[in-house]
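Student: There's a structure below that I have some questions on.
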Amino acid sequence: MEENTSNESDKIVSKESTASPKDKKNKGEKKGPGFFAKHKAEFKKIKWPTRQELLKETVVVIIISLAVGVVIYGIDTILQFGFGKLINIL
């Protein structure tokens, strides 16, 4: 006589493999407040800057941008001068 050597675990089919495509699609979604309610709650957590803080940060950004622009202009001018002399030598 033949003895059945297969395990019971081989015969068990997981729920995920038998779930319909519609069930798989909604699997990751949780029940709860809607899209806009969630975003409204997140907006309440934001610390908005005061007008004075916003003005100070804007001035800092403008000053840094101008400084970087001056540095890039200086490097460009030096390189143009250097390459101009190099071309005249050759």
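The values are calculated or read from the model by the stated rules, or taken from the named source; none is laboratory data. These numbers were taken from a predicted model, which means no experiment stands behind them. Cβ: placed from backbone, ideal geometry, glycine included. Neighbour counts: every protein chain shown.
Student: Can you list the helices (runs of 4 or more DSSP H) found entirely within segment 1-69 that contain at least 1 residues being at pLDDT below 55 and either within 29 Å of the chain's Cα centre (by Cα) or of a type outside the set (D, E, K, R) (or both)?
Tutor: Answer list for segment 1-69: 8-11, 15-18, 21-25.
Student: Are any residues in segment 47-64 surrounded by fewer than 10 Cβ atoms within 10 Å (Cβ to Cβ) and not hydrophobic (A, V, I, L, M, F, W, C), and if so, which ones?
Tutor: Lys47, Thr50, Arg51, Gln52
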